[in-house]
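What follows is a single structure, written as structure tokens, with notes after it.
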Amino acid sequence: MEVQVQGGDAKSLIGEIVMMIPIRCFTCGSLIGDKYEEFKKRVGMGEDPGKVLDNLGIKRYCCRRMFITNVDIIDQILPYEESVYRKGKEYQVMR
């Protein structure tokens, strides 16, 4: 499955996307996006998420919520991009 995107394919573009977490906390506006990779790596190695957040300096519960509740869904959404692309092409041909 490949979708042409401005001279490249979607797989190569998605390969560069590491995370999809907001840059700032929705509630307080604190910068959190730069800490997510470290959080994910350390939790993946088996560390306690609460201790990792403490170590990274994430003290507010609103910011902690952003890390704990984040779900990486880009791999689940990506297949629909091709479908939308094809439907757009079909619509253009029919007009």
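The numbers here are math on the coordinates, done by the rules we state, and not lab data. Bear in mind the structure is a predicted one, so any value in this text is a computation, not a measurement. Note that we place each Cβ from the backbone using ideal geometry, even for glycine, and neighbour counts take in every protein chain shown.
Given charges of +1 on the Cβ of Lys and Arg and -1 on the Cβ of Asp and Glu, with all other atoms neutral, how large is the dipole of segment 34-74 about its Cα centre, in debye to the nearest 20?
The calculation lands at about 180 debye.
If each of ARG86 and LYS51 carries a label point 7 Å out from its Cα toward its Cβ, how far apart are those two points in nm?
Reported label-point gap for ARG86 and LYS51 is 4.9 nm.
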